[in-house]
1. Based on the Cα atoms of the stretch 525-651, what semi-axes does the equivalent ellipsoid have, where each is the square root of 5 times one gyration tensor eigenvalue, given in whole Å with the largest first?
2. Plugging the Kirkwood radius over Cα pairs into Stokes-Einstein for the stretch 457-604, at a temperature of 20 °C and a viscosity of 1.002 mPa s, what D comes out in µm²/s?
3. Nearest 10 degrees is fine. How inclined is helix 533-542 to the longest principal axis of the chain, computing both from alpha carbons?
4. Please say if the stretch 615-674 is rounded, prolate or oblate, where rounded means a/c under 1.5 for a ≥ b ≥ c the square roots of the C-alpha gyration tensor eigenvalues, and otherwise the choice is prolate for a/b larger than b/c and oblate otherwise?
5. Angle between the Cα long axis of helix 570-580 and the longest principal axis of the chain, 0 to 90 degrees, nearest 10?
6. What share of the DSSP beta bridges in the chain is antiparallel, in percent to the nearest 5?
7. What percentages, rounded to whole numbers, describe P(r) for the stretch 395-520 computed over all alpha carbon pairs with 5 Å bin width beginning at zero?
8. 7 Å from Cα along Cα→Cβ at both residue 470 and residue 236: what's the point-to-point distance in nm?
């Protein structure tokens, strides 16, 4: 589920120019062709066994050296560097008195924590180095910060304390190969709750850390993917346990006895998001359980009472402030984020700040007294800007502004909401950005598939998309079936083997573009790209649906759903099995849905990029598809970033990744046509 309050864009782009007229064949059946001779879970054709494990240690150094990113031409590197300077600081959290804001910013080349002492003041850098560091919490009295720090994209972060003025970090917990994630801080600031998979890689223990003694105590030790959803002042915890993708059960832990009792969701395999309400025994719940779309309810004594109207839009996120005065929530209106607010006691709708024409308005955090809320606003034509709204004085103040050096972002192409028909007639929504003009007629087109698969492409400002628009490419981002934001039927349309019935949405995008975006009888060249599940979609487009796209560039995508599920990090496996299928029970479907199964069909060039430390999609997924392509003498290029995980984070690597995508598409779609 997409949280409106913690949205992280994972965007990859691609392109392609005009081609000779294309005769589009009639639609085929909804199911893909039968599996060919390659079994995606069997040894590779060259006799090598499937890979094992994940992380940089699973790859010999000489392999990493062979596939290191080559340098870019200076002019291409400079153009990307200039665009990456168009950016904004993270939205941030305020100190309890509303006088200081703490936020993350990538201005050093990797995420670090900064403080600003008032609106539009000069920021003070609090953390540094090469490891990505983010703000997790501000102490109730504002005296210290809780920080999260990761190394090389391994997604095994540690948890640290730092004085509000800066200075050295004090480790709470940080162990190699172990995830440690902040959960909650007690009202008096003494206890910090966090979760860690240090006992079992596939389960989380909830710990309570005592700042006075520097000791920790395990308070939830039952097997499960636990997290603390909320807490009451007396130490009672609202616990959530993920049992599958978009499937959560909720429990309550008594502060005195330690007893954990079930509340709701047990055995339902349903989507829930919850927080304590203002009334005794009340929990505010977002769920689609009683309808098609997620809606807010008040849960008491086993009964759900709706508190927001029934609408054809999902509640994409919400939070109840610590003072229990307001419920802030957002609606996902077809990929645009709309802010709403309710009185936490009466459910009366409250007026909220308005931003004319904005694509997204997201509440980020509210001070403990409920007075100040930080808002993140995306106008669609400039990087996000942070505001602080004073609920008492009804005053809105911009705290920090985005940076756009030497570039007028008002010229950036704004996304328009369009659609294309799937072969069964279902309209598939997609956001499209078009250049004002392009050298080719028709303009080349890039189809970019999002990650997830339960993600969603949203409207909004995008430097990455603009890089390709500036180069003369139409940039299209579909939300195929299985995406979030369009109701639970759409979201679950691709669960398990059902994916075989809707995977054709990937091919249908290309068919539509070739047929409907032609000009003067000439169909456009079409490229395909994406990251994570979007990378998998790109590989499927280039293998199962070979010939549909003229070139593909993917990042951290799965080449075999079988080997991916066998080797992804244990904490991910339980969630992914419910989404893709069980490696044993659903093996036949997983093989049919694996790009490696159709590797013999590849007919167009493919670029693969991957982080060596990736715990989600192991580096072996990239290596095995590259090896198969190389053996069959099919055009390909593999780039591995030794110091990255699930997607490039460091600025230098981001430049290389984007630059090689641009170079690759220009070479194979533009230069090759001339």
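1. On the way: eigenvalues 92, 69, 29 Å².
Each semi-axis is the square root of five times an eigenvalue, giving 21, 19, 12 Å.
2. Values: Rh = 16.4 Å.
The calculation lands on 130 µm²/s.
3. 10
4. Details: a/c = 3.38, a/b = 1.19, b/c = 2.84.
It is oblate, given that a/c is not under 1.5 and a/b is not larger than b/c.
5. With both axes taken from Cα atoms, the answer is about 60 degrees.
6. Numbers: 115 of 139 bridges.
If I count the DSSP bridges inside the chain, around 85 percent turn out antiparallel.
7. 2, 10, 18, 20, 16, 13, 10, 6, 4, 2, 0
8. Reported label-point gap for residue 470 and residue 236 is 5.5 nm.
Values in this text are rule-based calculations from the coordinates and carry no lab data. The structure displayed is predicted, hence computed values, not measured ones. Virtual Cβ from ideal backbone geometry, glycine too; neighbours counted across all protein chains shown.
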